[in-house]
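Trainee: Shown below is the structure under consideration.
The values are calculated or read from the model by the stated rules, or taken from the named source; none is laboratory data. This is a predicted model, so every value here is computed, not measured. Because the Cβ atoms are built from the backbone with ideal geometry, glycine has one as well, and the counts that use them run over all protein chains shown.
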Amino acid sequence: MRYSGFQVLKQGLFGNKGWRPAWREPEPKAEYDTIIIGGGGHGLATAYYLAEKHGIRDVAVLEKGYLGGGNVGRNTTIVRANYFLPGNSEFYSHSLKLWERMERDLNYNVMHSQRGHIILFHSDGQRDAAVRRGNAIVNRGDDAEILSRDQLKRMLPYLDYEQTRFPIYGGLIQRRAGTARHDAVAWGYARAADQRGVDLVQNCEVTGIDIVNGRVTGVQTTRGPIRAKRVGIVVAGRSSQVAAMAGLRLPIESHVLQAFVTEGLKPVIDHVVSFGMGHFYISQSDKGGLVFGGDLDFYASYAARGNLPMLEHVMEAGMTLMPMIGKAKILRGWGGIMDMTPDGSPIIDKTPVEGLYLDGGWCYGGFKATPASGDCMAHLMATGEPHPVARRFRLDRFREGQLMDEEGTGSQHNLH
Ligand SMILES: Cc1cc2nc3c(=O)[nH]c(=O)nc-3n(C[C@H](O)[C@H](O)[C@H](O)COP(=O)(O)OP(=O)(O)OC[C@H]3O[C@@H](n4cnc5c(N)ncnc54)[C@H](O)[C@@H]3O)c2cc1C
């Protein structure tokens with residue numbers, strides 16, 4: 001069934017009885033050509049691009065819970081391509097281009113909204129860094145502009161410009177950046193992959209990886225063993241645990257990251273705004289809730305909820321930047337398990353086990369990467385070669401010392 005305005009009208013006139021389930025609920029087969037472990041955004045996108053671009057349709061996505069129940073449905077939905085370092089910059093540029101055609105490609109409304117993302121700067125040094133980053137982004141072919149304090153005052157009148165401790169000097173805006181509805185991205189890729197013959201198997205946890213003579217032969221699951229020639233590990237915060245099933249020790253630690261949403265308010269924040277002097281960023285959802293978050297809780301954990309010290313830090317930063325949010329009531333807070341690498345950049349690579357591939361280490365920035373991650377992982381699994389924009393996301397870069405430390409925070413997982 002194609003989704004369209006006409007379809008909405010037609011179904012509305014006939015009692016909405018004609019909608020069909022967005023995807024099938026197949027029993028897992030005994031064997032597939034390719035298995036993707038993990039039904040988050042990246043796993044579903046990988047399956048979609050395997051089928052769509054490479055004609056590999058004998059594929060199963062095995063998800064231990066329900067599709068979209070992981071980080072893809074827990075993030076704060078920011079989509080941008082304002083990375084600085086070679087390696088990251090071309091990858092995220094590719095990703096943003098895929099975002100711009102995603103709704104047409106998938107025939108699904110993911111509510112992609114290019115409302116602009118602004119990083120504030122609060123000192124001369126930060127302005128220099130913002131100009132340098134902006135120039136790098138423009139040289140690569142994407143958009144970036146420096147905004148003066150007066151321009152900002154007109155665009156974001158609700159910020160506290162007179163703050164004596166952290167005065168606002170200006171901002172770096174990427175107008176093509178913005179937000180999208182996070183779980184719709186999972187549903188859109190799921191539906192499109194299912195339409196191309198991919199089996200999406202929910203409530204199917206992978207509990208073991210079968211290896212014979214250094215080659216992957218399949219997986220053990222809570223719904224029985226399944227054979228496959230190729231297996232992709234695409235499980236975000238669970239990367240280290242699942243890779244350990246194949247005897248691999250990854251340079252990935254799992255940390256909890258929190259986010260918060262207020263009650264619905266009238267439109268007040270038109271952009272995504274990032275504070276430059278504390279980890280705080282905010283946007284407003286289409287339902288009216290102010291969606292905001294901060295930094296990691298700074299300890300390794302598999303709990304999908306956080307603790308009070310980071311919550312307090314985020315609220316303080318919010319109050320410092322825009323005291324008016326003190327009037328809003330927090331509706332919910334939650335956490336997600338982030339797959340942190342030592343340099344804050346991801347991995348899309350083969351593993352030492354033949355036929356076993358890894359897509360992980362997305363830290364707290366993997367939502368915006370969803371389409372390019374799927375595209376590049378599918379390319380790698382189908383051709384055996386890295387996609388040109390993901391060449392540097394190698395697993396051995398940590399051993400070789402070829403780090404891509406975008407934040408310049410050093411080689412500690414919890415500092416990225
Ligand atoms: C609070 C928060 C805010 C964030 N904000 C942003 C943002 O604004 N912008 C941005 O770009 N990124 C953001 N992120 C990061 C982003 O959400 C993640 O990097 C990205 O979603 C990870 O990829 P995924 O969607 O495939 O992960 P997930 O959705 O977590 O998918 C992994 C899946 O694997 C499944 N799985 C795990 N183990 C097994 C197993 N043994 N067998 C079968 N299945 C298994 C899990 O159940 C899960 O569904 C944020 C994350 C959080 C938590």
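Trainee: Return the only residue of ALA378, ALA369 being near the ligand (Cβ under 10 Å from one of its atoms), under 22 Å from VAL110 (Cα atoms), in the same structural domain as MET245 (by TED's automatic domain parsing) and surrounded by 21 or more Cβ atoms within 10 Å (Cβ to Cβ).
Mentor: From the options ALA378, ALA369, the qualifying one is ALA369.
Trainee: Could you go through region 149-170 and let me know if any residue there is part of a strand (DSSP E or B) and more than 13 Å from GLY276 (Cβ to Cβ).
Mentor: Taking region 149-170 and keeping what is part of a strand (DSSP E or B), we get 170.
Subsequent filtering for residues that are more than 13 Å from GLY276 (Cβ to Cβ) retains none.
For region 149-170, residues part of a strand (DSSP E or B) and more than 13 Å from GLY276 (Cβ to Cβ): absent.
Trainee: Report yes if some residue within region 336-350 is outside the structural domain of ILE209 (by TED's automatic domain parsing), free of Cβ contacts under 8 Å to residues at least 12 places away in the same chain and under 26 Å from GLY178 (Cα atoms); otherwise report no.
Mentor: Checked against the condition, which is being outside the structural domain of ILE209 (by TED's automatic domain parsing), free of Cβ contacts under 8 Å to residues at least 12 places away in the same chain and under 26 Å from GLY178 (Cα atoms), region 336-350 yields no hits at all.
Trainee: Which condition breaks for ASN82 when tested against (1) within 15 Å of the ligand (Cβ to nearest atom); (2) more than 30 Å from LEU321 (Cβ to Cβ)?
Mentor: (2)
Trainee: Same structure, new question: Taking ARG127 as meeting all but one of (1) part of a helix (DSSP H, G or I); (2) farther than 26 Å from ALA317 by Cβ, write down the number of the exception.
Mentor: In the conditions (1) part of a helix (DSSP H, G or I); (2) farther than 26 Å from ALA317 by Cβ, ARG127 misses (2) alone.
Matching residues to (1) surrounded by fewer than 20 Cβ atoms within 10 Å (Cβ to Cβ); (2) touching a His at 6+ places or on another chain (Cβ under 6 Å):
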| position | (1), (2) |
| --- | --- |
| PRO346 | no, no |
| GLY360 | no, no |
| ALA382 | yes, yes |
| ARG391 | yes, no |
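Trainee: Any chance you could count how many residues in region 239-253 are more than 11 Å from the ligand (Cβ to nearest atom) and not in a loop (DSSP other than H, G, I, E, B)?
Mentor: Pass one, region 239-253, residues more than 11 Å from the ligand (Cβ to nearest atom): 246-253.
From what's left, not in a loop (DSSP other than H, G, I, E, B): 253.
Total meeting the criteria: 1.
Trainee: Can you name the condition, by its number, that GLY278 falls short on among (1) of a type outside the set (Ser, Thr, Tyr); (2) within 30 Å of ARG176 (Cβ to Cβ); (3) within 14 Å of the ligand (Cβ to nearest atom)?
Mentor: It fails just one condition, (3).
Trainee: Restricting the first residue to region 186-213 and requiring it to be part of a helix (DSSP H, G or I), which pairs with a second residue that is at pLDDT below 95 and of a type in the set (Gly, Ala, Ser) meet a Cβ separation below 8 Å and a spacing of at least six or different chains?
Mentor: Between residues of region 186-213 that are part of a helix (DSSP H, G or I) and residues that are at pLDDT below 95 and of a type in the set (Gly, Ala, Ser), the close pairs are ALA186/GLY68; TRP187/GLY68; ALA190/GLY68.
Trainee: Of everything in region 288-299, what is at pLDDT 95 or above and away from the ligand (no atom under 13 Å from the Cβ)? Give them in sequence order.
Mentor: Correct list: GLY288, GLY289, LEU290.
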